[in-house]
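Taking it in order: structure first as C-alpha cells, then the write-up.
Bear in mind that the values in this text are calculations on the coordinates, not laboratory data. Quantities reported herein were computed from a predicted structural model and do not represent experimental measurements. Positions of Cβ are generated from backbone atoms using ideal geometry, with glycine treated the same way; all protein chains shown enter the neighbour counts.
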Amino acid sequence: MFLIWGVGDQRSEIAFDQWMDCPNCRQEAQICIWKLQTSLNIFFIPTFRWNTRYYAQCGSCGKAIQLSDDLGRQIEKGQIRHINPELFAPAGRPSALYCPSCGEKLREAANFCPRCGARLHE
C-alpha cells in the first residue's frame, strides 16, 4: 500500500462588495477579501486545515494587507460589509508628497507630476 500526501496553502476568495479610493495608489478599486489556509492533503483531498489567515487586497494596485482573525471571520460570516480604506494607507508616508492621480513620489516644490503631468496645485 502506498499513500500520497502533501502540505500546502489553499487560497479561497470571500464574497465581498466594497469599492474604495485606495490611499496607496489613489485609484478607485474594488476590495478583494481572501482566506489562506495551510492544509494536509491525503490523496489530493484537504483533510486537516490550520494556520488560517485573512487578507484584503486592492483590485487596482494589488496591495494586500493581513486582516485580524476576528475581522476576517466576521467578514466571512457576512457580519461586516465595510472595512476602513485607511488600512491600505502607506505607513510612514505623508500623502502630500505623492501625486493624487498616479501615486508617483514628488519633490516638495513640484507643480506638476513628472509621471502623469497632473497639475498638483490650484
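At a glance:
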| read-out | value |
| --- | --- |
| Kirkwood Rh (inverse of mean 1/r, distinct Cα pairs), region 1-65, angstrom | 13.6 |
| DSSP beta bridge pairing in the chain, given as percent antiparallel to the nearest 5 | 100 |
| Residue of 30, 79, 18 that the Gaussian network model of the chain assigns the largest fluctuation, springs spanning Cα pairs under 10 Å | 79 |
| Eligible lysines near residue 77 by straight Cα distance, threshold 24 Å, same-chain separation 8 or greater | 35, 63 |
| Local net charge near residue 30, Cβ-Cβ under 12 Å (Lys/Arg +1, Asp/Glu -1) | -4 |
| Tail weight of P(r) past 22 Å, computed on alpha-carbon pairs of the chain, percent | 51 |
